[in-house]
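See below for the structure under consideration.
The values are calculated or read from the model by the stated rules, or taken from the named source; none is laboratory data. Small disclaimer: the values here were computed from a predicted structure and weren't measured. Please note: Cβ atoms are built from the backbone with ideal geometry, for glycine as well, and neighbour counts cover all protein chains shown.
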Amino acid sequence: TADVDNDGKQEIIYGSATIDHDGTLLYSSSDVMPPESATPGVTAGLGHGDALHVADIDPVRSGLEIFMVHEGGAYAPYG
C-alpha cells in the first residue's frame, strides 16, 4: 500500500490497478490500441505487473510514482 494520491490515506496497488481508500478504482493499466495494430482504437489491458515498485522515482514530479513491468500475452498486447 501507499498514499499515491496524497490524500493522507493508503491506496492498494494490486496487479495493474490501484484501489482508492474507499474501494473505488483509482487507476488501471490500459491503453488504446494504435492504428497499425490488429484492433485499432480498442482499449486493451496491459496485463498484471510482474514487478511493481512505489517510490519517489522522479524528483521533478511531486509525490510517488509507480514503476511496473508487465507480462506479455495476446490479451495484453503491450505487456
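I'm trying to understand the selection: among the residues of the range 1-54, which are among the hydrophobic types (A, V, I, L, M, F, W, C) and either in contact with a Phe, Trp or Tyr (Cβ under 7 Å, 6 or more places away or on another chain) or more than 21 Å from E65 (Cβ to Cβ) (or both)? Passing the criteria: A17, V32, M33, A38, V42, A44, L46.
In the set (1) loosely packed, with under 14 Cβ neighbours inside 10 Å; (2) at pLDDT 80 or above; (3) in a strand (DSSP E or B), the condition left unmet by Y27 is number (1).
What pairs come up if the first residue lies in the range 1-25 and is more than 17 Å from D56 (Cβ to Cβ), the second is of a type in the set (G, A, S) and loosely packed, with under 15 Cβ neighbours inside 10 Å, and their beta carbons are under 7 Å apart, counting only those six or more places apart or on different chains? Every condition considered, the pairs that remain are S16/S28; A17/S28. Do you know which of the residues in the range 32-76 that are out of contact with any strand residue (DSSP E or B) (no Cβ under 6 Å at 6 or more places or on another chain) and β-branched (V, I, T) is modelled with the highest pLDDT? Only one residue fits best here, namely V60.
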